[in-house]
Amino acid sequence: MDKLLVGVDIGGTTVKLSIIDIHGVMKTKWEIPTNTSEGGTFIVSDIAHSVEDKLIALQIEKDSVQGIGIGAPGFIDVGKGIIFEAVNIGWKNFHLKDEMEKAINIPTFVDNDANLAAVGEMWQGAGHGAKNLLCVTLGTGVGGGIIAGGEIIHGESGMAGEIGHITSVTENGAPCNCGKKGCLETVASATGIARLATELLSEYSSSTLQEIYNQNGTLTSKDVFDAAQEKDALAVNVVNQSAKYLGFALGNLANALNPETIVIGGGVSKAGDSLINSIKEYFNKYAIPKIAKETVIRTATLGNDAGVYGAAWLAKHK
Ligand code: ZN
């Protein structure tokens, strides 16, 4: 039997697990809740027991598992597998690699979850094996991963790839969780898109979004994309603004990194072609013509599985 890999993606509410062979074929996937009580002390043993139970159920010898890859949020020393801080989970200076190897006796490798989502898309998703790839995830926040020459770019202290905190040159804008103002995240995340629309309501009294807001007391990014589909002027304006900032950030990143493919994932990317097409339009304006012509921009294809594919790739690659 081909050697197998275990891919794990630790999130604030669930841990996603999978068994994937070294060719990237997923054998099975499942989830367990993330037990964040007592500073996340139970998470490692929960994962170890769950993996061992699954191997027994599938009659897979432990020896045939080559390694475990784990994606985790927060700031990580990837060499030592230490999580400096993951606020949602409760870990602080947590030796994830060592703890997991102690618990299950299989070599374990750790990286940032956004980086591994990028790798997952490179290996088995929209990246189609591209060795130079940018991945931007538009969810509650804006995450990013940069792959150059087939390797994850970590930077000097593991902070590389924070695409969401590229900041508008005007320096005006809404406050961001990172402490700055006007970051890409404040205008291109689901939260940011809903906020932009809410702020513009008073200028577009006939917008259908006004009715939705009156009814629900709030707007979601999905409301905005649905309304944009129906050519609602307010919604079109907001989607256009988000696309402009994304096109600006990605165009300039592409000028520096010359990726083959840019993959756009996360909940917001489900808005579909209209968003991608608008991003492309602005991207072409900001990228050097040769780069604009040659860079492919596509929607992510792996959805929530990108992280476990990337984690399995990490275990294989290391
Ligand atoms: Zn920021």
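Within segment 167-202, being surrounded by 22 or more Cβ atoms within 10 Å (Cβ to Cβ) and in a loop (DSSP other than H, G, I, E, B) holds for LEU184, SER189.
Scanning segment 17-34 for residues that are farther than 12 Å from TYR309 by Cα and touching a helix residue (DSSP H, G or I) at 6+ places or on another chain (Cβ under 6 Å) yields a count of 1. Within segment 150-180, if we keep just the residues that are among the acidic types (Asp, Glu) and at negative phi, the residue that is nearest to the ligand (Cβ to nearest atom) turns out to be GLU162. Close Cβ contacts (under 6 Å, 6 or more residues apart or on different chains) running from residues in segment 77-100 that are outside the structural domain of HIS154 (by TED's automatic domain parsing) to residues that are part of a strand (DSSP E or B) and among the acidic types (Asp, Glu) comprise VAL78/ASP111; LYS92/GLU85. For segment 110-124, check the following and say yes or no: at least one residue is surrounded by fewer than 20 Cβ atoms within 10 Å (Cβ to Cβ) and outside any helix (DSSP H, G or I). Scanning segment 110-124 turns up no residue that is surrounded by fewer than 20 Cβ atoms within 10 Å (Cβ to Cβ) and outside any helix (DSSP H, G or I). When you scan segment 181-189, do you find a residue that is within 18 Å of ALA254 (Cβ to Cβ), within 14 Å of the ligand (Cβ to nearest atom) and of a type outside the set (Phe, Trp, Tyr), even just one? Scanning segment 181-189, I find at least one residue that is within 18 Å of ALA254 (Cβ to Cβ), within 14 Å of the ligand (Cβ to nearest atom) and of a type outside the set (Phe, Trp, Tyr), so the answer is yes. Among the conditions (1) more than 21 Å from the chain's Cα centre (by Cα); (2) assigned to a strand (DSSP E or B); (3) without any contact (Cβ under 8 Å) to a residue 60 or more places away in the chain; (4) over 26 Å from GLU162 (Cα atoms), the only one that GLN66 does not satisfy is (3).
The values are calculated or read from the model by the stated rules, or taken from the named source; none is laboratory data. All values reported here derive from a predicted model rather than from experimental measurement. For neighbour counting, all protein chains shown are included, and Cβ atoms are generated from backbone atoms with ideal geometry for every residue, glycine included.
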